[in-house]
Amino acid sequence: MKTRVLTLASLLCLAFSALSAKPPKGFTALFNGKDLKGWWGLKTEDPEKWMALSPEKLEEKRKASLVDVHKHWKVEDGILINDGKGLYLSTLKNYSDFVLMLEYKTVAGADSGIYLRGVPQVQIWDTRKEAGKWKLGADKGSGGLWNNGKAGAPGRDPLVHADKPFGQWNSFNITMRGTLVTVRLNDKLVVDQAPLINYWDRKTPIEKRKPLIKKGPIQLQTHGGEISWRNIYLKELSAPASD
């Protein structure tokens, strides 16, 4: 009985911690721990296209997306949970240069990612061999800019395998200035100032490619398996560095 009481107390403390966590100094909480206020739904789509909509059409798009969002996203005990389906949860606000901090945990076989300014992506893998995604680069670990091109492209694969044992919470610290992205996973440097490639113009030779959009949303990808998120904080940076 004593063990059960202690276990329940531990669970309550964890739940309280998730609900009461405060942003670090200078950061803003993107997720309030209670509901989906400040978010809407998007699929993989060029942000420049929906940004070009009239204010009325954009508002219609946002309202329509929430029907899907509420089918596949929920909040439990201060944790944001997606069932692996539906639209990507996207910030209503668009960001330019920033530091993004968050924690995530996923289930067996799932993969996911974080879109920066609406551009894919900082990759999240189930890195175990039995997940069957080593041929895609999952053996190298999470945190790389997977859509930057083929293996060997700058930032495409992480510098080190930094994932925690499967089933534990992992933490990201992502800095974006201009087109340059630095990623730390569980306090280990996995991407060091690599340029995020303009996925939306990826078929154009790199010397003729359109520049990366200067401002866009943070998006949490849905991709085939449940994933949980918590402690999502962002600090805007006012002085972009030269690329």
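The values are calculated or read from the model by the stated rules, or taken from the named source; none is laboratory data. What you see is a predicted model; the values in this text were computed from it and never measured. Cβ sites come from the backbone with ideal geometry, for glycine too, and all protein chains shown count toward neighbours.
Annotations
- Within segment 1-50, tally of residues that are at pLDDT below 50 and either among the aliphatic types (A, V, I, L, M) or in contact with a Ser or Thr (Cβ under 6 Å, 6 or more places away or on another chain) (or both): 11
- Taking the listed residues GLY224, GLY167, GLY155, the one that is assigned to a loop (DSSP other than H, G, I, E, B), touching a strand residue (DSSP E or B) at 6+ places or on another chain (Cβ under 6 Å) and not β-branched (Val, Ile, Thr) is GLY155, with no other qualifying.
- Qualifying residue in segment 166-187 (condition: more than 13 Å from the chain's Cα centre (by Cα), hydrophobic (A, V, I, L, M, F, W, C), surrounded by fewer than 15 Cβ atoms within 10 Å (Cβ to Cβ) and modelled with pLDDT of 90 or more): yes
- Search result, residues across segment 24-50 that are in a helix (DSSP H, G or I) and in contact (Cβ under 8 Å) with a residue 12 or more places away in the chain: PRO47, GLU48
- Matching residues, segment 83-134, being surrounded by fewer than 18 Cβ atoms within 10 Å (Cβ to Cβ), hydrophobic (A, V, I, L, M, F, W, C), under 19 Å from TRP169 (Cα atoms) and touching a Phe, Trp or Tyr at 6+ places or on another chain (Cβ under 7 Å): none
- Considering residues of segment 89-113 that are among the hydroxyl-bearing types (Ser, Thr, Tyr) and within 11 Å of ILE227 (Cβ to Cβ) only, the residue farthest from the chain's Cα centre (by Cα): THR106
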